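Structure first, commentary second.
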There are 2 protein chains.
Amino acid sequence: MSARADTSAPARPDRRAARRQQSKDEIVAAAWDLVREHGLAGLAMRDLGDRVGMRAQSIYSYFASKHEIYDAMFHQGYLAFAAAIAEVKSADTDRAGSVDQSADALHLMAHRFFEFCISDPVRYQLLFQRTIPEFVPSDASYAVAVEAYHEMNDGLAAIGITDPQAVDLWTALLTGLSDQQISNDPGGDRWERLIDRAVAMFLHDNNINSSAPTQKGNR
Amino acid sequence: MSARADTSAPARPDRRAARRQQSKDEIVAAAWDLVREHGLAGLAMRDLGDRVGMRAQSIYSYFASKHEIYDAMFHQGYLAFAAAIAEVKSADTDRAGSVDQSADALHLMAHRFFEFCISDPVRYQLLFQRTIPEFVPSDASYAVAVEAYHEMNDGLAAIGITDPQAVDLWTALLTGLSDQQISNDPGGDRWERLIDRAVAMFLHDNNINSSAPTQKGNR
DNA sequence: GTCTATAATCTGATAGAC
DNA sequence: GTCTATCAGATTATAGAC
């Protein structure tokens, strides 16, 4: 008499939703794999279907379009970015800030940012460059991106850097180093080893003196 | 008796070659137009044929593949880059180098580099990022790129900066500013106005003291 | 050197059966 | 939710007529 005995009825709606979400996650994970193999623009629905054990057309019951998949990846990517930044914040900036601690925190932050970028060049391309012709992140995904930048601003503010121009210079410095490393010395460390020098230069520009990076064993 | 009267024979081989080169140049110019309209990856042979008054297939008698067209664009782009750098060099570094002159030259170079990047974002993408999936510049085109960087190194050396790491930091700084400007504030000046500050920071890092950028009316 | 014709393949996406 | 079948079109590239 109830849904229990009816084979076509769902067991419980939230279990169904969970299964559906699991499938979506699986598709997005496969998309990341493919994109790392064939480039960001090289993602093909057919390949994606093959990878996930489905016909390409069936993916459309999970995502309305290819762009919606890119959007899910964008969302995931910025969640990961925010997490990476937050980790540094909680690890290093909560205690009272001596000059050396501030400097250390900034060096750590720079290394983490750089590591995040070069560890996944395709993700870097999706998050930080505008390379997919007509892709525009959804409002929801964009909000996550904005929140991630707030996270970073908070981290800088905790160190005493609140000047918006200094923040912009900071992002330019870090993306510049990351970009050069990815583009011109993939797998090497030609720009990675300049991070501490760059951070010291930036610290001085912001009137925060530090003798030398105190942190060790960070890379 | 001679080729003069023979309609099927070429007038003069070099004239024929010139015409051919002219057609190639025309195709590449049209490719630049299209690429600025539809994005770097959005270049389609049909559009290109339409634009140049030719069937798409006929283009293959000038270029063996689409990649060969990208390669010609890459070549042109780095020629332009080298020219832009060389212009700064000849304008500002030949005279004996006082500290202020060195600083001025560096500020000028930074502004020119930045201007070159943001004035044509698609060109920037082709020259400085790896965004076309399987495109690798030919040896000839790559040689032009290398020469362009030599040009820049010479400019820096004339100012007294010969440390390879300083040169790498310099490129990271400039591409970082350019990249942020293109990606996050297209058409604006949010990062452009940080150039002088960044250069001053860099100068200090290299123990070249300058009170302030002397050059005016540069942007 | 440019054309027509066409190959052979891939693209994202939809309709409708089950 | 997954399938088959298929659309409508773009892709690079080649063959052969003129």
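Kindly establish whether residue B:109 is closer than 28 Å to residue B:181 by Cα, surrounded by 14 or more Cβ atoms within 10 Å (Cβ to Cβ) and within 16 Å of DNA strand D (Cβ to nearest atom). In short, no. Residues that are within 14 Å of another protein chain (Cβ to nearest Cβ) and more than 6 Å from DNA strand D (Cβ to nearest atom) were ranked within the stretch B:42-60; the one that is surrounded by the fewest Cβ atoms within 10 Å (Cβ to Cβ) is B:42.
The residues of the stretch A:187-197 that are crowded, with 17+ Cβ neighbours inside 10 Å and within 8 Å of chain B (Cβ to nearest Cβ), listed by number, are A:191, A:194. Taking the criterion of being within 6 Å of DNA strand C (Cβ to nearest atom) and not in a loop (DSSP other than H, G, I, E, B), the residues of the stretch A:39-55 that qualify are A:45, A:46. Can you find a residue that is within 23 Å of residue A:135 (Cβ to Cβ) and more than 9 Å from DNA strand C (Cβ to nearest atom) anywhere in the stretch A:59-70? There is at least one residue in the stretch A:59-70 that is within 23 Å of residue A:135 (Cβ to Cβ) and more than 9 Å from DNA strand C (Cβ to nearest atom). If you go through the stretch A:18-41 and keep only what is more than 10 Å from DNA strand D (Cβ to nearest atom) and in contact (Cβ under 8 Å) with a residue 24 or more places away in the chain, you end up with A:28, A:31, A:32, A:35, A:36, A:39, A:40, A:41. Criterion applied to B:162, B:175 was being over 20 Å from the mean Cα position of the chain (by Cα) and among the hydroxyl-bearing types (Ser, Thr, Tyr), and the one residue passing it is B:162. Taking the criterion of being within 14 Å of another protein chain (Cβ to nearest Cβ) and surrounded by 13 or more Cβ atoms within 10 Å (Cβ to Cβ), the residues of the stretch B:16-40 that qualify are B:34, B:35, B:36, B:38, B:39, B:40. Scanning the stretch A:161-186 for residues that are away from every other protein chain (no Cβ under 13 Å) and either of a type in the set (A, V, I, L, M, F, W, C) or under 18 Å from residue A:198 (Cα atoms) (or both) turns up just one, A:161. Residue count for the stretch B:119-131 under the criterion of being surrounded by 20 or more Cβ atoms within 10 Å (Cβ to Cβ) and either more than 12 Å from chain A (Cβ to nearest Cβ) or among the basic types (Lys, Arg) (or both): the result is 1.
The requirement of being within 14 Å of DNA strand D (Cβ to nearest atom), at pLDDT below 85 and assigned to a helix (DSSP H, G or I) is fulfilled somewhere in the stretch B:61-75, by at least one residue.
The values are calculated or read from the model by the stated rules, or taken from the named source; none is laboratory data. Quick caveat, the model's predicted, so the values are computed rather than measured. No Cβ is skipped: glycine too gets one built from the backbone with ideal geometry, and neighbour counts run over all protein chains shown.
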